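Structure first, commentary second.
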Amino acid sequence: MKTNKQKVIVSLIVVIIIAFIPLGTAAPAGISESAVVEAAKSWIGVESIHGGNDRSGIDCSHLIYQIYKQIGAKSIVLQTVPNMKNNAYYINISSPIPGDVVFWEKDVTKNDKKYWLSVHVGIYIGNGQFIHTSYDTKKVAIDNINGPYHDGMPYFARWSHT
């Protein structure tokens, strides 16, 4: 009888501890998801230019870099999209929340071999939408994840470092 009571007490303590563990957030530590979304929205309308890195013109990887830099992520570094996806601080997730990163992957054939290659990146803002450098409008814009954006698949990640 005593061991059952002890098991119940230990189980309750574990449940209480788990209830108070903070869940992972989309934003870097100490920064709200809404700050990421607002920073991303501040870039809407900026011209999409391959290699661009400021408000006179920007590409997708620079956009993510600038957004996280704008909100104070000190450890963010500029990388190409495939390197961003392979960065240990981008953690693969299945259920995105606003502020998460959306990578687009598609089949690429090289030397008669097929690869999944990360080709584009944006910021998830909720309700199935993301902010990115649009190929259609040639500007930073909001698009629907499920819309006719790319011939690839979305892959969600969360920046897990400050």
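The values are calculated or read from the model by the stated rules, or taken from the named source; none is laboratory data. Source: prediction; values computed, not measured. Note: ideal-geometry Cβ built from the backbone for every residue, glycine included; neighbour counts use all protein chains shown.
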Number of the exception - Asp143 against (1) modelled with pLDDT of 75 or more; (2) farther than 19 Å from Lys41 by Cβ; (3) crowded, with 16+ Cβ neighbours inside 10 Å: (2)
Pick from segment 16-70, criterion assigned to a helix (DSSP H, G or I) and more than 22 Å from Gln129 (Cβ to Cβ), ranking: modelled with the highest pLDDT: Lys69
Check on Asn86, loosely packed, with under 14 Cβ neighbours inside 10 Å, over 19 Å from His132 (Cβ atoms) and modelled with pLDDT of 80 or more: no
Residue within segment 98-119 that is assigned to a loop (DSSP other than H, G, I, E, B), on the phi < 0 side of the Ramachandran plot and either modelled with pLDDT of 75 or more or out of contact with any Leu (no Cβ under 6 Å at 6 or more places or on another chain) (or both) present: yes
Residue count for segment 120-139, restricted to those that are of a type in the set (A, V, I, L, M, F, W, C) and at pLDDT below 90: 1
